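Read the structure below first, then the notes.
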Amino acid sequence: MNDLRRLLGRLQPYRWTVALVFGCIVIAQFGAMVPQWLTKVLIDQVVYGKRYDELFWLCAILLVARVLRGLADYFHLTMREYVSVRTVFDFRRDLYNSLQYQSHRYLGSIHTGQLMSRLTSDIENVRIFLAMGFYQAFIQILSVASILGVLFVLSWKLTIVCMLTAPFLVLEVRKVHKKLIPAWGAVHKQMATLTAVLQQSITGVRVVQAFTREPYEFEKFNQENNNNREKQLNLSGVWGKSFPYIDFLTSLSWVLLLGYGAWLVMNHEITVGTLMAFNAYLWMYIFPIRDSGRTTNVFVQATTAARRLFEILDSKSEVVEPAEPVVLQEVKGHIQFDAVSLRYNDHQEVLSNININATPGKRIALIGMTGSGKTSLLSLIPRFFDPSAGQVLLDGIDIRNFALADLRHHVGMVLQETVLFSATIRDNIAFGKPDAAMEEVIAAAKAARADDFIMNFPDGYDTLCGERGVGLSGGQKQRIAIARTLLSNPRILLLDDATSSVDMETEHLIQEALEELMKGRTTLLVGQRLTTVKGADEIVVLSEGKIIERGTHEQLLKNRGYYYRLYELQFADQVDEWVQREGVESFLPTGS
């Protein structure tokens with residue numbers, strides 16, 4: 001219920017509109033109850049009492065009541081829809097904003113499909129609750145209370161007899177409510193899993209087709225789809241088993257009304273008009289009780305959805321903004337790792353006691369086997385993660401003292417997997433500087449060796465990139481990413497294996513672009529191809545999160561460690577020349 005109270009709390013900005021909605025509902029309820037009372041007056045006074053002169057006034061009152069109810073219904077339905085749409089708009093905006101500022105650790109722990117499910121189906125369940133379920137509950141309570149009062153006025157004896165089934169109805173509705181909560185929770189969880197499988201299958205469709213794994217993926221989806229069907233059937237069964245019993249109890253009330261009501265009429269304790277009005281009011285009383293199951297469904301769905309949505313809002317990133325951030329003015333770009341360690345969880349240490357000193361304009365290359373911690377090390381600089389121990393310094397100040405936006409403004413990244421958005425090439429290049437003039441965009445593209453292929457497209461810089469850059473080659477996407485970074489003009493540059501997945505000719509073009517990009521900037525680069533890293537001022541070799549070697553290209557070759565062995569594998573012919581020149585023994589076995 002706490003989640004439901006928090007959800008209702010989001011109506012606070014629209015409280016006066018909500019108050020008007022409740023007022024209109026009261027008026028509409030009054031208008032709905034007038035005709036039944038007029039039926040009693042019509043039968044008892046006009047028909048049996050032969051007071052025909054009152055017929056005109058009864059019709060006039062009935063007309064006014066119907067018009068009043070119609071207007072009240074129009075306004076409360078319109079206003080509550082407006083409030084629900086506005087509230088959900090605010091809620092979805094807050095959720096999206098929260099996700100934008102979550103740490104990579106949190107985002108990596110939740111599958112994309114599950115997040116999509118929460119921001120679509122869950123938020124829609126919340127909207128339905130705010131548009132219908134919330135007010136429907138009030139309407140049902142108001143109807144039951146007001147009609148019950150009128151029934152006692154008409155005949156307290158008949159009311160007590162007809163209400164004999166009420167306790168059983170209340171107990172059954174409560175029992176259904178308890179069963180619906182876990183049933184809806186299971187449905188929501190399974191739907192999120194199904195969405196995740198679907199999302200993963202669609203994004204990986206090329207790999208699926210390349211390995212002819214379509215039958216396997218279909219079977220996996222079919223299994224989750226079957227699970228979803230079972231959860232839905234279980235949910236339907238909860239209400240389906242209870243509805244006949246509830247329908248029997250409400251029908252029993254009507255049987256009691258006919259039997260005992262007719263006996264009261266025959267004994268002249270009530271009039272025929274009273275019995276007719278009582279019958280009409282009783283059905284008005286029974287209907288909201290029968291419909292309470294549907295309202296309960298909406299409440300349970302909203303409660304389950306709200307819990308999942310508030311989990312996002314309540315998840316606070318461990319990467320926090322400083323209370324009084326240091327203002328970054330003139331950034332020199334001096335990066336230092338001082339005894340830095342990093343744990344992703346209590347048992348997994350990915351970096352241990354890292355010390356690196358990258359003076360302004362210096363190039364530091366990071367190499368090592370997969371999983372050695374290279375990318376994790378780069379991720380500490382823009383504070384995608386914070387170190388578990390030690391500190392990362394920028395110009396002598398712990399980067400945790402800077403505002404995140406201020407820090408990241410001075411850090412540019414070019415990743416191995418280039419991310420382009422479904423927008424024009426111009427918009428993608430200007431992503432970090434959306435107000436850039438077209439001349440600046442073209443200059444950045446030329447420096448990144450991208451202008452030539454861009455201008456070969458019919459629409460040039462207005463060419464639309466497909467989702468994630470579909471329609472462009474890997475090298476083209478990479479050069480657009482480099483142009484994007486060039487345009488934002490960062491002082492610190494992070495390159496994460498930016499040339500590992502392209503051919504040699506494209507690599508040459510990208511290397512030229514990267515040389516342009518690295519000029520005058522402090523650069524940390526990850527690379528497996530030694531042509532990328534051997535020109536660095538310092539090469540740092542990582543293994544299992546620890547530094548095992550460091551030095552220049554020539555120094556590491558003389559050390560004859562991991563770097564030397566890697567160099568032998570990639571440049572065997574050049575190693576022979578170097579061995580002869582330096583007068584040392586090669587690591588390569590005879591005949592290699």
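The values are calculated or read from the model by the stated rules, or taken from the named source; none is laboratory data. All of these numbers come straight from a predicted model, not from anything done at the bench. When we count neighbours, we look across all protein chains shown, and the Cβ atoms used for this are built from the backbone with ideal geometry, even at glycine.
Every residue, every condition in (1) within 23 Å of residue 474 (Cα to Cα); (2) surrounded by fewer than 19 Cβ atoms within 10 Å (Cβ to Cβ); (3) touching a Cys at 6+ places or on another chain (Cβ under 8 Å), yes or no:
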| site | (1), (2), (3) |
| --- | --- |
| 389 | no, yes, no |
| 398 | no, yes, no |
| 416 | yes, yes, no |
| 421 | yes, yes, yes |
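Of the residues that sit in region 345-378 and are in contact with a helix residue (DSSP H, G or I) (Cβ under 7 Å, 6 or more places away or on another chain) and not small (Gly, Ala, Ser), which one is nearest to residue 491 (Cα to Cα)?
363
Taking into account only those residues within region 132-152 that are surrounded by fewer than 17 Cβ atoms within 10 Å (Cβ to Cβ) and aromatic (Phe, Trp, Tyr), which is nearest to residue 294 (Cα to Cα)?
Filtering region 132-152 for residues that are surrounded by fewer than 17 Cβ atoms within 10 Å (Cβ to Cβ) and aromatic (Phe, Trp, Tyr), the one nearest to residue 294 (Cα to Cα) comes out as 138.
Looking at (1) modelled with pLDDT under 85; (2) out of contact with any Lys or Arg (no Cβ under 9 Å at 6 or more places or on another chain); (3) among the acidic types (Asp, Glu), which is the only condition residue 512 fails?
So residue 512 meets the others, but not (2).
Please determine, by comparing only the residues of region 423-433 that are modelled with pLDDT of 85 or more and among the hydrophobic types (A, V, I, L, M, F, W, C), which one is surrounded by the fewest Cβ atoms within 10 Å (Cβ to Cβ).
Taking the candidates together, the pick is 431.
Matching residues to (1) at pLDDT 85 or above; (2) in contact with an Asp or Glu (Cβ under 7 Å, 6 or more places away or on another chain); (3) acidic (Asp, Glu); (4) under 30 Å from residue 337 (Cβ atoms):
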{"residue": "395", "(1), (2), (3), (4)": "yes, no, yes, yes"}
{"residue": "402", "(1), (2), (3), (4)": "yes, no, no, yes"}
{"residue": "411", "(1), (2), (3), (4)": "yes, no, no, yes"}
{"residue": "460", "(1), (2), (3), (4)": "yes, no, no, no"}
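Looking at region 528-550, which of its residues are of a type outside the set (A, V, I, L, M, F, W, C), within 19 Å of residue 373 (Cβ to Cβ) and not in a loop (DSSP other than H, G, I, E, B)?
532, 538, 543, 546, 549, 550
In region 428-458, what residues are under 18 Å from residue 473 (Cα atoms) and in a helix (DSSP H, G or I)?
If the condition is that a residue be under 18 Å from residue 473 (Cα atoms) and in a helix (DSSP H, G or I), then 428, 429, 445, 446, 451, 452, 453, 454, 455 are the ones that fit.
Take region 255-274 and flag every residue that is assigned to a helix (DSSP H, G or I) and in contact (Cβ under 8 Å) with a residue 40 or more places away in the chain.
Residues satisfying the conditions are 256, 257, 260, 261, 264, 272, 273, 274.
Can you name the number of the only condition in (1) buried (at least 18 other Cβ atoms within 10 Å of the Cβ); (2) within 24 Å of residue 553 (Cα to Cα); (3) not hydrophobic (A, V, I, L, M, F, W, C) that residue 361 fails?
(1)
With the requirement that a residue be over 38 Å from the mean Cα position of the chain (by Cα) and hydrophobic (A, V, I, L, M, F, W, C), what does region 525-540 give you?
530, 533, 536, 539, 540
Could you count how many residues in region 153-167 are surrounded by 15 or more Cβ atoms within 10 Å (Cβ to Cβ) and closer than 22 Å to residue 44 by Cβ?
Number satisfying all stated conditions: 6.
Mind telling me which of the residues 41, 88, 46 ends up being modelled with pLDDT under 85 and either of a type in the set (Asp, Glu) or out of contact with any Phe, Trp or Tyr (no Cβ under 8 Å at 6 or more places or on another chain) (or both)?
That would be 41, the only listed residue that is modelled with pLDDT under 85 and either of a type in the set (Asp, Glu) or out of contact with any Phe, Trp or Tyr (no Cβ under 8 Å at 6 or more places or on another chain) (or both).
Within region 315-335, work out how many residues are surrounded by fewer than 18 Cβ atoms within 10 Å (Cβ to Cβ) and either over 24 Å from residue 516 (Cα atoms) or β-branched (Val, Ile, Thr) (or both).
So the answer is 13.
Within region 230-281, track down each residue that is among the hydrophobic types (A, V, I, L, M, F, W, C) and more than 23 Å from residue 48 (Cα to Cα).
Matches in region 230-281: 233, 235, 238, 239, 243, 246, 248, 249, 252, 254, 255, 256.
Between a first residue in region 473-491 that is in contact (Cβ under 8 Å) with a residue 12 or more places away in the chain and part of a helix (DSSP H, G or I) and a second residue that is surrounded by fewer than 21 Cβ atoms within 10 Å (Cβ to Cβ) and of a type in the set (Asp, Glu), which pairs have beta carbons less than 7 Å apart while being 6 or more apart in sequence or on different chains?
Filtered contacts from region 473-491: 487/440.
Under 8 Å between Cβ atoms, at least 6 apart or on separate chains: pull out the pairs that start in region 419-437 with a residue that is under 10 Å from residue 462 (Cβ atoms) and end on any residue that is among the β-branched types (Val, Ile, Thr).
424/463; 425/454; 425/463; 425/480; 426/441
Can you tell me which residue is nearest to residue 123 (Cα to Cα) among those in region 63-85 that are under 35 Å from the mean Cα position of the chain (by Cα) and surrounded by fewer than 16 Cβ atoms within 10 Å (Cβ to Cβ)?
Once the filter is applied, the top-ranked residue is 85.
Return only the number of the condition from (1) modelled with pLDDT under 85; (2) of a type in the set (S, T, N, Q); (3) in a helix (DSSP H, G or I) that residue 102 does not satisfy.
If we test residue 102 against (1) modelled with pLDDT under 85; (2) of a type in the set (S, T, N, Q); (3) in a helix (DSSP H, G or I), just (3) comes out false.
Which one of these does residue 370 not meet: (1) under 27 Å from the mean Cα position of the chain (by Cα); (2) modelled with pLDDT under 85?
In the conditions (1) under 27 Å from the mean Cα position of the chain (by Cα); (2) modelled with pLDDT under 85, residue 370 misses (1) alone.
Can you tell which of 390, 368 is in contact with a Ser or Thr (Cβ under 9 Å, 6 or more places away or on another chain) and under 20 Å from residue 530 (Cα atoms)?
368
What number of residues within region 514-537 satisfy the criterion of being among the hydroxyl-bearing types (Ser, Thr, Tyr) and surrounded by fewer than 19 Cβ atoms within 10 Å (Cβ to Cβ)?
Of the residues in region 514-537, 1 are among the hydroxyl-bearing types (Ser, Thr, Tyr) and surrounded by fewer than 19 Cβ atoms within 10 Å (Cβ to Cβ).
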